[in-house]
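Here's the structure we're looking at; comments come further down.
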Amino acid sequence: MLAVMREVQVPLLAALLFGGCAAKARHAIGARHSSGPTAMVPLRLRRPATLALCATEFALGAALLLTAGRVGAGNPASAARAAAALLFGTAAAALHELRARRPDAGCGCFGELSRTPVSWRVIARATLLCVAALSTIGVPPLRMPDSAMQAWLTLAAVAAELVVLVALSPEIGQALLRLSHADPCELREVPVWRTLSALHASASWRRYQQFLVTTAPTDVWREGCWRFVVFPGVLASRPVDMVFAVHLAGRGTPVRVGALDSGASFAPPLEMPRHDPLEMSNRV
Amino acid sequence: MPESGTSARFARRALLRAAVFETQDQELWADRPATAATVATGVLAEVRGDEIAVYSERGTEFFGVSPATVTWLGARASPSALRPGDPVIVRHLKVGAAAPARKHAERIWARAGRVTGTIVAADGLEFLVDTGRDDRSPQRVVIPSASSRQIQVRFPRLAPGYLLDVIGTRHGDHLLAVAPATAQPPYHAGHSPGPPLVGGPVPMPISGSAVWHEPDDEPPGLLGLAYPAIDPEGGAQPADGGTGCVRLPYLSLGATVRIRNECTERAAVLPVTGDGTMAREFCDRCVECGTSPKGRVADLTMAAFVELGGNLEDGCFNATLRTMAS
């Protein structure tokens with residue numbers, strides 16, 4: 001059983017390194033700040049430090065997989081596994097230091113999901129992974145299981161280790177919370193292309209497209225759950241602005257249409273005559 | 001936003017929206033102030049015994065001053081301390097039909113300034129602060145020794161990466177900070193806590209803190225607000241790091257919101273004229289009248305803040321905000 005446990009560490013460690021790298025890269029590219037041990041380095045170096053860590057994880061994950069079989073067996077495999085152990089050992093020490101110096105900071109191990117303050121569980125996880133990487137040094141090249149019993153043993157070993165890792169991972173709770181929660185439409189980021197796609201698939205578009213001069217919108221703006229898209233058009237020989245209001249709840253949601261004479265307008269607010277609007281609004 | 005073409009385009013959006021939803025937006029736009037009714041922004045032209053003259057976009061305006069007039073020049077001061085050339089903002093009593101030519105100054109702020117942002121460099125008590133401006137040029141803040149104790153009590157970490165929000169007086173290219181505008185968040189810039197998860201529609205109105213900012217590229221007397229949740233696809237600055245610690249519906253520039261000062265019970269419908277980058281960074285409360293919920297819901301222009309009854313030296317007022325979005 002011990003031999004099986006040692007064998008499954010290599011793909012598991014590689015998967016964890018790839019997962020951590022992807023989460024960090026997404027977070028570092030999408031957000032302005034970084035978290036984890038990089039929070040201890042100067043502000044301008046944090047993003048480069050996060051990306052460097054991410055690249056290291058990717059390289060180590062790839063090295064572990066490439067040296068897992070007969071190709072690369074021996075010294076290359078041992079070197080990759082020792083480097084992985086060094087990385088996890090360093091991470092455990094850095095997290096311990098981070099916990100002392102910045103108790104409010106998250107570990108950043110899995111990007112945005114790792115925003116909860118560093119706990120003993122996270123440090124224990126890094127230590128466990130360090131031990132797991134050390135245990136793989138000297139393991140012979142991986143091969144497919146010889147028998148059904150061997151396959152079941154391998155699966156049981158993987159499942160047991162995953163249970164331990166889940167128990168040591170506060171990120172699981174965050175991930176489940178995010179999966180089970182959907183923001184209301186007014187709080188959801190919705191790309192314009194998706195709005196245009198929903199509009200083009202709607203019955204309103206098919207009905208009114210013929211009145212448009214061009215299908216390139218002249219104005220697009222958003223107010224909560226609605227995004228407004230304006231096109232120049234001609235209706236009953238009059239130039240008009242055709243405005244489509246697309247609800248952002250998802251595909252198949254309602255699309256409303258309105259038309260306004262192109263000339264219809266009122267003075268812009270800064271040029272309007274003065275009166276006493278605050279007094280009026282105070283009544284509300 | 002300052003360009004009249006852009007302004008007209010935003011104004012037309014209300015008409016277009018009304019064409020779809022048959023709402024009263026057009027009336028709301030008509031109701032909103034063209035220019036401030038009780039606020040004058042300009043440069044001090046002259047100080048006489050019982051009167052000051054201010055050059056503003058409406059020409060030279062005269063305001064009566066009395067012992068009841070409160071003057072602020074870094075601290076309470078006498079109107080005689082003001083000097084011609086000082087940038088001022090005056091809140092005056094409404095003009096009565098009986099005396100339309102004479103306005104009485106209720107409060108005068110001279111050289112008032114505020115810097116809200118992330119410290120990028122520190123040299124003793126001099127700082128460069130990134131305020132999130134488009135050109136990323138930092139602003140210079142100097143804390144005089146007389147004010148350092150008061151400020152450091154509320155901003156203990158005056159180091160790069162931490163947030164700063166101070167009020168003071170403008171002197172050339174720098175702000176002479178005289179008071180903290182809030183307490184320093186314990187986190188680094190960019191690490192503000194996320195808003196609570198909301199299961200259903202955002203409840204209206206939304207309560208929080210309303211703060212003010214100095215005009216950057218905006219006209220000095222502009223009535224508007226920087227909104228913390230600008231639609232990232234709206235052609236404006238991308239929403240960097242969500243919407244701060246308040247759940248706010250996404251809006252585009254030019255959308256209108258109704259904002260109410262809960263301390264003075266004054267309200268107005270104002271356009272969104274900017275991206276409230278820094279409002280997203282702070283998760284603080286305003287305690288001007290009771291304790292507001294956490295988070296900044298609006299970063300008003302100086303004129304709008306004063307028009308709604310806020311006092312610049314206080315830094316904030318308890319506010320409720322209602323969007324026009326359905």
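How large is the accessible surface of B:HIS171 in square angstrom, using a 1.4 angstrom probe and rounding to the nearest 10?
Rounded to the nearest 10, that gives 70 Å².
Would you work out if segment A:206-256 is rounded, prolate or oblate? Take a ≥ b ≥ c from the square roots of the eigenvalues of the alpha-carbon gyration tensor; rounded if a/c is under 1.5, else prolate when a/b is larger than b/c, oblate otherwise. Walk me through the intermediate numbers first.
Details: a/c = 2.65, a/b = 1.82, b/c = 1.46.
Prolate shape, in that a/c is at least 1.5 and a/b is the bigger ratio.
Go through B:298-307, A:70-79 and give me the packing order, highest mean Cβ count within 10 Å leading.
Details: B:298-307: 26.6, A:70-79: 14.1.
In decreasing order of mean packing, B:298-307, A:70-79 become B:298-307, A:70-79.
How big a patch of accessible area, both sides summed and in Å² to the nearest 100, lies buried between B and A at a 1.4 Å probe?
Numbers: alone 14940 and 17260 Å², together 26830 Å².
Roughly 5400 Å².
Would you mind computing, in nm to one decimal, how far apart the modelled labels at B:ARG83 and B:CYS289 are, each placed 7 Å from Cα along Cα→Cβ?
If labels sit at B:ARG83 and B:CYS289, their model points lie 3.7 nm apart.
Gap in Å between the Cα centre of segment B:135-184 and the Cα centre of segment A:49-112?
Computed from Cα coordinates, the inter-centre distance equals 41 Å.
Name the residues of segment A:140-162 whose amide N is less than 19 Å from a point 7 angstrom out from the Cα of A:ILE172 along the C-beta direction?
A:155-162
What FRET efficiency do you get for B:GLU265 and B:ARG157 if R0 is 30 Å and r is their Cβ-Cβ distance, rounded to the nearest 0.05?
Details: r = 37 Å, r/R0 = 1.23.
For R0 = 30 Å, the calculated efficiency reads 0.25.
Using R₀ = 45 Å, calculate the FRET efficiency as 1/(1 + (r/R₀)^6) where r is the Cβ-Cβ separation of A:MET1 and A:ARG101; round to 0.05.
On the way: r = 41 Å, r/R0 = 0.90.
Result of the calculation: an efficiency of 0.65.
If R₀ is 51 angstrom, what is the calculated FRET efficiency for the pair A:LEU155 and B:ARG76, using the beta carbon separation as r and rounding to 0.05?
Numbers: r = 77 Å, r/R0 = 1.50.
E between A:LEU155 and B:ARG76, to the nearest 0.05, is 0.10.
Express in nm, to one decimal, how much length is gained between B:LEU93 and B:PHE21 on full extension, taking 0.36 nm for each residue of separation and deducting their alpha carbon distance.
Working: separation 72, 0.36 × 72 = 25.92 nm, distance 3.83 nm.
Extra length available between B:LEU93 and B:PHE21 comes to 22.1 nm.
Any chance you could look up the accessible area of B:THR277 with a 1.4 Å probe, heavy atoms only, rounded to 10 Å²?
30
Give the ranking of A:LYS24, B:LYS294, B:LYS103 by solvent-accessible surface, highest area first, calculated with a 1.4 Å probe. Mind showing how you got there, number by number?
Working: A:LYS24 15, B:LYS294 110, B:LYS103 35 Å².
The most accessible residue leads, giving B:LYS294, B:LYS103, A:LYS24.
Around A:VAL158, what is the net charge, scoring Lys/Arg as +1 and Asp/Glu as -1 over all other residues with Cβ under 14 Å from its Cβ?
Working: positive: A:ARG6; negative: A:GLU7, A:GLU161.
Computed value for this residue: -1.
Would segment B:103-230 count as rounded, prolate or oblate if I go by the C-alpha gyration tensor, calling it rounded below 1.5 in a/c and otherwise prolate when a/b exceeds b/c, oblate otherwise?
Details: a/c = 1.72, a/b = 1.19, b/c = 1.44.
The shape class here is oblate.
Can you list the residues in segment B:35-58 whose accessible area drops by at least 30 Å² when all protein chains are present, compared with the chain alone? Use a 1.4 Å probe, heavy atoms only.
Those are B:THR35, B:ALA37, which lose 30 Å² or more relative to the chain on its own.
Using a 1.4 Å probe and ignoring any ligands, DNA or RNA, find the accessible area of A:THR56 and quote it in Å² to the nearest 10.
Here the accessible area works out near 60 Å².
With labels modelled as points extended 7 Å from the Cα through the Cβ direction, what inter-label distance (nm, one decimal) is found for A:ALA148 paired with A:ALA203?
5.7
How much net charge surrounds B:SER292 when only other residues with a Cβ under 14 Å from its Cβ are counted (Lys, Arg +1; Asp, Glu -1)?
Values: positive: B:ARG260, B:ARG285, B:LYS294, B:ARG296; negative: B:GLU262, B:ASP284, B:GLU288, B:ASP314.
Counting the neighbours of B:SER292, the net charge comes to 0.
Can you give me the distance in nm between label points at A:ALA52 and A:SER78, each placed 7 Å from the Cα along the Cα-to-Cβ direction?
Spacing of the two 7 Å Cα→Cβ label points: 2.9 nm.
The values are calculated or read from the model by the stated rules, or taken from the named source; none is laboratory data. Note that the structure is predicted; figures quoted are calculated from it, not measured. A quick note on method: Cβ atoms are made from the backbone with ideal geometry, for glycine too, and the neighbour counts reach across all protein chains shown. Surface areas here come from the heavy atoms of the whole protein model, side chains and all, with no ligands, DNA or RNA. Shrake-Rupley method; radii C 1.70, N 1.55, O 1.52, S 1.80 Å.
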